[in-house]
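Each remark here refers to the structure printed beneath this line.
Taken together, the values in this text are just the output of simple stated rules run on the coordinates, not laboratory data. The model shown is predicted, which means the values in this text are computed figures rather than measured ones. When we count neighbours, we look across all protein chains shown, and the Cβ atoms used for this are built from the backbone with ideal geometry, even at glycine.
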Amino acid sequence: MSENQTQSEQPLRPDPALKRLEPLVGRWRLTGRTLDSKEENVSGQAAFEWLPGGFFLKQSFEALFMGMKILSLELIGYDPSTDTFPSTVYSSLVGVPIPYRYDLRGRDVTIATDFAGGATMTGIIAEDGNTFSGGWRPNPGQENPGNVAYYFVARRVT
């Protein structure tokens, strides 16, 4: 058996950078409010789990956002050329996959999309790992009924 055959028979391993996503793994309950509201009008839950093999993180999401029910499934991977975590969201709101980019540096989390004018979430995971808080903001000039700024706090359930 040649050296190339031996190397090709070794199983692929997930990039070590994927370990940066580990603080998200688990079930989270979230609450929040849009910037124009004095009361909470965002609530939901998210569950993050590794797919077999450890190459992709799956998020299942369910929320009530200003009275509208949202369900989605997201797959998050790793792109070593950009050192970011591209993802694709399949949502009950639109019939096309929506691309996002995650970046986790320590406890700081950024998620961005260019879809529908674009938006960015900046947040932080608490030191104890049990609270994740932040806010989504539309890109400048892209505020509209489908791209609303809001704050949230998520608490780990499991």
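Rounded to whole Hz and in sequence order, give me ³J(HN,Hα) for the range 59-72 from the Karplus expression 6.51 cos²θ - 1.76 cosθ + 1.60, θ = phi - 60°, writing x for Gly and Pro.
10, 9, 10, 9, 8, 10, 10, 6, x, 9, 7, 10, 10, 8
Which of these, Leu21, Leu73, Leu93, has the largest mean-square fluctuation under a Gaussian network model of the chain (Cα springs below 10 Å)?
The residue with the greatest mean-square fluctuation here is Leu93.
How large is the charge dipole for the chain, taken about the Cα centre, if only the Cβ atoms of Lys, Arg (+1) and Asp, Glu (-1) carry charge, to the nearest 20 debye?
Approximately 440 debye in magnitude.
Residue by residue through the range 146-155, what is 3J(HN,Hα) from phi via Karplus (6.51 cos²θ - 1.76 cosθ + 1.60, θ = phi - 60°)? Round to whole Hz and write x for glycine and proline.
Values per residue, Gly and Pro as x: x, 9, 10, 6, 7, 9, 8, 10, 10, 10 Hz.
Go ahead and set up a Gaussian network model of the chain, Cα springs under 10 Å, then flag whichever of Pro145, Pro16, Pro99 fluctuates most.
Between Pro145, Pro16, Pro99, it is Pro145 that shows the largest mean-square fluctuation.
Pop the C-beta distance of Ala17 and Glu143 into the FRET formula with R0 = 41 Å and round what comes out to the nearest 0.05.
It comes to 0.75.
Scan around Ala149 for amide H atoms under 5 Å from its own, H built in the peptide plane at 1.01 Å from N, and keep only partners 5 or more places away or cross-chain.
Leu35
Computed from the coordinates I sent, mean projected area of the Cα convex hull in nm² equals one of (1) 9.4; (2) 7.8; (3) 11.3. Tell me the label.
Checking each listed value against the structure points to (3).
Of the residues Phe56, Phe65, Phe115, which exhibits the maximal mean-square fluctuation in a Gaussian network model of the chain defined by a 10 Å Cα contact cut-off?
In this elastic network of the chain, the residue with the biggest mean-square fluctuation among Phe56, Phe65, Phe115 is Phe115.
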